[in-house]
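Quick notes on the structure that follows.
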Amino acid sequence: TTAQIGVTGLAVMGRNLARNFARNGYTVALHNRTVSKTRELVENFGDEGDFIAAETAKEFVAALERPRRLVIMVKAGDPTDAVIEEFAPLLEPGDMIIDGGNAHFADTRRREKALREQGIHFVGMGVSGGEEGALHGPSIMPGGPKESYDSLGPMLEKISAKAADGAPCVTHIGPDGAGHFVKMVHNGIEYADMQLIGEAYQLLRDVAGYSPAQIADVFRTWNTGRLDSYLIEITAEVLAHVDAATGKPFVDVVVDQAEQKGTGRWTVQIALDLGVPVSGIAEAVFARSLSGHAGLRAASQGLAGPKPTPLSEAEAAAFADRVEQALYASKIVSYTQGFHEIQAGSDEYGWDVDLGAVSSIWRGGCIIRAAFLDRIRAAYDARADLPSLLSDETFAREIAGAQDDWREVVIAATREGVAVPGFSAALAYYDALRAERLPAALTQGQRDFFGAHTYRRVDREGAFHTLWGGDRSEVTA
Ligand code: 6PG
């Protein structure tokens, strides 16, 4: 027998992806640098399907039917290059290397280009959904050459998550690095979602005066409405959890310094390069970084802040409802920014990414899966060339309905001294976008004053400069 697909790198993500393929009826070749991992997989899960355990790279490649489909599931970065270097010489034109790690899309572009010259199809494939998703159905974002999807696509469609309407959560995103780019922005949005949820939690705790258990109930209620999502659901679980050792709420015994592996940071770095304002995602990345500065935080403990105003039970409940509005409105903004970045990346690299298809495959399997994605899908269905999610009538109407509460929440947070960088950045983005005039005109004036950088006029074409140091007359630049 020969295998339809092979997986090398059998840490938990690789192992679960391999099992997922096998459970769906594919014969899966297995390979891992340390052979014991391969044996363990076959011992523990061999009855789930057909596996071919290979001990060497040669054996692994020989086990694969042609054209070969070889999935790499190793740590992003140098390990990925090392594995490619090991296998590429053993492959033939038409074979496929699929990188399922969280690679930087620029690395994926570089690898795709190099392998293309050898006739090998390189597919950078974003996979979301964590360990459970890999096993039971992830959301999958493959890039690479379109023709690779002809034979790979049906297999991915089988192992992927399915949305509520049965549609598989996978599509060919676009050539070369498009898949990893979209996965990167997915993670940026994930950071923003998590930050906004964190701010909602902190407000309910500090302003409404709720306990973690009470807040868990609030999130459970929210999860039955328009905020229905995986992240809200697990937030309720985490908040309801009690530490066995101390009997305290679990959230109170965890060190409040958030870590990151870097995909959210990449989203912001690339957005800066592309000139896309992803302020909500940036605030989420900075909030994690601020939390980690233990020394700086310790040194700031004595700084002045307002005294909290206690709320009555009814006031607290009304406030919680407002926080839901603020969270929802801010979420619309985060997604607006994330989708803008995907559009900008697609334009820059000529990927022709279908934003509606992206929202569709995020409806199931991935970390940001949510009822909300159905509405984004509907927005792009209604208008494929939507300039921004905020231009969708439904979202615009919802924000219009939420904005009073959104503003009140930011005011209350400011008054009570609770940091809400996500909520306020989202609101600032919204207000700046809808403003008729921006102080950017003044910025241009300043730039022209100190550096003769020139400006454009609202009433005439061309570039102009004012002779600030002279008689202040205007000249054409
Ligand atoms: C997913 C996740 C996954 C992972 C990230 C986030 O889509 O399944 O995004 O890729 O959990 O690495 O991790 P950090 O918070 O550590 O950056």
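The values are calculated or read from the model by the stated rules, or taken from the named source; none is laboratory data. The model shown is predicted, which means the values in this text are computed figures rather than measured ones. Glycine gets a Cβ as well: all are built from the backbone with ideal geometry, and neighbour counts include every protein chain shown.
Some points to look at:
- The lone criterion from (1) within 23 Å of the chain's Cα centre (by Cα); (2) over 24 Å from G100 (Cβ atoms); (3) surrounded by fewer than 24 Cβ atoms within 10 Å (Cβ to Cβ); (4) in contact (Cβ under 8 Å) with a residue 40 or more places away in the chain left unmet by V238 is number (4).
- Condition check for Y210: among the hydroxyl-bearing types (S, T, Y), more than 16 Å from the ligand (Cβ to nearest atom) and in contact (Cβ under 8 Å) with a residue 60 or more places away in the chain: yes
- For the stretch 7-55, a residue qualifies if it is within 22 Å of G153 (Cα to Cα), under 27 Å from the mean Cα position of the chain (by Cα) and among the small types (G, A, S), and the qualifying residues are G9, G14, A18.
- Tally of residues being among the hydrophobic types (A, V, I, L, M, F, W, C) and exposed (fewer than 15 other Cβ atoms within 10 Å of the Cβ) across the stretch 92-105: 0
- V74 being within 24 Å of F181 (Cβ to Cβ), part of a loop (DSSP other than H, G, I, E, B) and among the hydrophobic types (A, V, I, L, M, F, W, C): yes
- Scanning the stretch 223-235 for residues that are touching a residue at least 60 places away in the same chain (Cβ under 8 Å) and not in a helix (DSSP H, G or I) yields G225, R226, L227, D228, S229.
- Whichever residue in the stretch 255-273 is within 14 Å of the ligand (Cβ to nearest atom) and touching a Ser or Thr at 6+ places or on another chain (Cβ under 7 Å) and, among such residues, is nearest to G295 (Cα to Cα): Q257
- Contact annotation: residue pairs with Cβ atoms under 6 Å, 6 or more positions apart or on different chains, pairing a residue in the stretch 114-138 that is touching a residue at least 60 places away in the same chain (Cβ under 8 Å) and in a helix (DSSP H, G or I) with a partner that is among the hydrophobic types (A, V, I, L, M, F, W, C) and exposed (fewer than 14 other Cβ atoms within 10 Å of the Cβ), are E131/V12.
- Segments classed as helices (runs of 4 or more DSSP H), wholly inside the stretch 1-69, with at least 1 members that are surrounded by fewer than 24 Cβ atoms within 10 Å (Cβ to Cβ) and either of a type in the set (F, W, Y) or on the phi > 0 side of the Ramachandran plot (or both): 35-45
- Number of positions in the stretch 79-99 that are of a type in the set (D, E, K, R) and within 17 Å of L10 (Cα to Cα): 3
- Under the condition of being surrounded by fewer than 20 Cβ atoms within 10 Å (Cβ to Cβ) and within 16 Å of the ligand (Cβ to nearest atom), the residues counted in the stretch 108-134 number 3.
- Among the residues listed as D448, D431, D471, D404, the single one being part of a helix (DSSP H, G or I), acidic (D, E) and over 30 Å from A192 (Cβ atoms): D448
- Residues of the stretch 208-222 classified as in a loop (DSSP other than H, G, I, E, B) and either buried (at least 20 other Cβ atoms within 10 Å of the Cβ) or basic (K, R) (or both), total: 2
- Residue in the stretch 190-198 that is modelled with pLDDT of 95 or more, assigned to a helix (DSSP H, G or I), within 16 Å of the ligand (Cβ to nearest atom) and among the hydroxyl-bearing types (S, T, Y) present: yes
- Only one of the listed residues (D243, D252) is in contact (Cβ under 8 Å) with a residue 40 or more places away in the chain, more than 15 Å from the ligand (Cβ to nearest atom) and more than 22 Å from Y335 (Cα to Cα). That residue is D252.
- Exactly one residue out of G174, G198, G188, G179 is of a type outside the set (K, R) and on the phi > 0 side of the Ramachandran plot, and it is G174.
- Of everything in the stretch 342-374 that is more than 16 Å from the ligand (Cβ to nearest atom), touching a residue at least 24 places away in the same chain (Cβ under 8 Å) and of a type in the set (D, E, K, R), the residue that is surrounded by the fewest Cβ atoms within 10 Å (Cβ to Cβ) is D352.
- Among the residues of the stretch 179-232, those that are within 30 Å of A344 (Cα to Cα) and acidic (D, E) comprise E190, D193, E199, D228.
- Residue within the stretch 255-275 that is assigned to a helix (DSSP H, G or I), more than 20 Å from the chain's Cα centre (by Cα) and surrounded by 21 or more Cβ atoms within 10 Å (Cβ to Cβ) present: no
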